[in-house]
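The values are calculated or read from the model by the stated rules, or taken from the named source; none is laboratory data. Everything numeric in this text was worked out from a predicted model, so none of it was measured. Using ideal geometry, Cβ is built from the backbone for each residue, glycine included, and neighbour counts are taken over all protein chains shown. Areas reflect the complete protein model, heavy atoms only, side chains present, ligands, DNA and RNA absent. Shrake-Rupley method; radii C 1.70, N 1.55, O 1.52, S 1.80 Å.
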Amino acid sequence: MAVALYRRYRPESFDELIGQSQVTDPLRAALRQNRVNHAYLFSGPRGCGKTTSARILARCLNCAEGPTDTPCGKCDSCLELSRDGSGSLDVVEIDAASHNGVDDARELRERAGFAPARDRYKIFILDEAHMVTQQGFNALLKIVEEPPEHVKFIFATTEPEKVIGTIRSRTHHYPFRLVPPAVMLDYVTELCVQEKVTIEDGVLPLVIRAGGGSVRDTLSLLDQIIAGSDDSTVTRERTNNLLGYTPSELLDETLDAIGRGEAAHAFAAIDRVVQTGNDPRRFVEDVLERLRDFIIIDATGDGAVAVLRGIPADEITRMNGLAALYGAAALSRAADIVNAALSGMTGTTPPRIHLELMVARLLTELPDRNISQSTPVVNAAPAARAAAVTAPDVIAAAAAVYPPVAAVVAPVVTPATVTQPVASTVEPGTLAEILEVWPAILEDLESSKGSWVVVNSARPALLEGDVLTLEFSEQMWVDRFKENPTSGGAVFEDLREAIQGALGVRLRFVPRFGVTAGLSSTPPAKTFTPIAVETPAPATETPTEIPDDDAPTTKMAPIEVPEAAAPAPAASISVAAESAAPESAERRGESVIREMLGATLIANIDDAATPHARSASAADNPAIFDIETTPREGDE
């Protein structure tokens, strides 16, 4: 039966120990000067050489030619403590994980009182020393503090902070570290030569990455790969399948599609990742690792070969092209997005969803990349579909959405491909001008959340002089708009200041319940100017019936959109004709309203609960909601 690689190649001297010069150099100097302490504490990650160093130190202390920093390897003590030796009676290794109580500490203390059987020192190596209980450490405290001259203690642990301070203060502490990839690569390459195994390019970096700097973990994985290979040849494909890494070709294909903005190819590659059984989280880790390689290549150029050791030359060339495709800014932003997605892959959300959303963010949020003019950047289908939508189509769709009671045509949204700003042809002092700056007014009101919530549900409907009629989507927003709180600013005052800051005019308001919802805060691109059709009657609205307090019903003046060099549509003419009611009917409607509301025409929004608003003049209180009308001939 074959012996594991990490056992066959366990170091037998400090010269053979790799990557721990910060420990081996001071220890060898102490051995040469015969200044060895009575207790040592070796700490560090697993598989980095703590127990091996303790055995080497024991060989150096008990060597027939010692104490020496280089064991002879010929005496009985050196042979017994070699990798093939049976062990020495004077070197006792104790698993502290299973011998961590007071009774075990008491037994060790009793054994320490006996002299060595043959060698110079009796050495106790306590592995996993952090597992010893506090009572056990307290029982060892006296013997560790003042041991017999022939006793040495070596504590090995991965968690030195769990060793009580009274023990740590009586030892020399040497921290071990993970072995750097470059040192590990040279070591495993030499080991493969000794094992007479053929390794394909790119295999060893994968093994070293999976080992994470631990020599024992790396050699265990390499042993497993060699054992599962045919004809002593280790292939990269089998290594990827065994370790669960994403093949470099699939990684580069995915990142190339993202870099060129080809969403269809990018999501197809993601689907292939999932369908082949790869772990989405491991794939995201591989993508982040790949982006790190691209950043190094972009920053160092030809010097990246010295940093990215073990990667084949053809793969380096391929990564050079991808790094140039992205650029430094896009690579940095992509790394941030991928890292955020990797951190968010927790909870019950399927990892595939996180992965696909990450790809969507990469496709939309990366800055401009260095894509040649001959290479398609994005799929042309969405742009073609957007270009096929003409202005009449948008107008017809808007007419289907909004009821005919309020004949309002929304501004046409131009396709997103238009990048040049369009000069505004809106006439100043009109409703169209207010509609144009309305999104900016909403943004200005965002500093006052209460006012923004109310005004965001409104839509400017009519402008007569300095009176702006606002339609609200709910009656409660009308009531909120008219409130004048004793503390804090009123909503209509905040809106008046915002409009004055945007247009330089000071307006009064008529709020009412309407059939349309509030405008979005995103300003639409305008291709024409809505023009209001003036009605013969001076009144702002002609009620068709007596409105009640809960659901006022009004008929709005239509806004007709003329077509250039063409006669007005018949439908628009009929709507305008219908709205132009006889003067006598309007007078009867006004008379009814005046009789109900005390001879003052209220714009369907005020009631008897607000007498103070009607008594104030427009000059004294510009925020009044009732508007005094001019008596006309024939009024009752």
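Summary value for the range 100-195: 31 percent relative contact order, contacts being C-alpha pairs under 8 angstrom separated by 6+ residues. One chain, two ends: E443 and N320. Fully extended at 0.36 nm per residue, the span grows by 39.8 nm beyond their Cα-Cα distance. Fully extending the segment from D201 to K74 would add 41.7 nm, taking 0.36 nm per residue of separation and subtracting the current Cα-Cα distance.
Within the range 222-301, all pairs of alpha-carbon atoms sorted by distance into 10 Å bins from zero give the percentages 16, 40, 30, 12, 1.
Here the accessible area is traced with a 1.4 Å probe on the protein chains. For the range 117-226, carbon and sulfur cover 50 percent of it.
Each peptide in 91-97, 27-33 was scored by the mean count of other Cβ atoms within 10 Å over its residues; highest first, the order is 91-97, 27-33.
Anything over 32 Å Cα to Cα? Flag those among K74/K142; K122/K196; K50/K142; K162/K196, in the order listed. Distance filter (> 32 Å) returns K74/K142; K122/K196; K162/K196. For the range 71-144, averaging the sequence separation of C-alpha pairs within contact (under 8 Å, six or more residues apart) and dividing by the residue count gives a relative contact order of 37 percent. How would you classify the range 96-181 from its alpha-carbon gyration tensor, with a ≥ b ≥ c the square roots of the eigenvalues: rounded for a/c under 1.5, else prolate if a/b is greater than b/c, otherwise oblate? Oblate shape, in that a/c is at least 1.5 and b/c is the bigger or equal ratio. The alpha carbons of the range 448-506 give a radius of gyration and a Dmax of 11.4, 31 Å, in that order. According to the calculation over all Cα-Cα pairs in the range 286-344, the P(r) per 5 Å bin from zero is 4, 20, 32, 22, 14, 7, 2 %.
If the chain linking R281 and F267 were pulled fully straight, counting 0.36 nm for each residue of separation and taking away their Cα-Cα distance, it would gain 3.4 nm.
Compute the label zone of R7 within the range 92-107: residues whose backbone N is under 19 Å from the point 7 Å along Cα-to-Cβ. Only 93-95 fall inside the zone, counting backbone N under 19 Å. Note on H150: accessible area is roughly 40 Å² with a 1.4 Å probe, heavy atoms of protein only.
Its relative contact order, with pairs defined as Cα atoms under 8 Å and 6+ residues apart, puts the range 201-292 at 22 percent.
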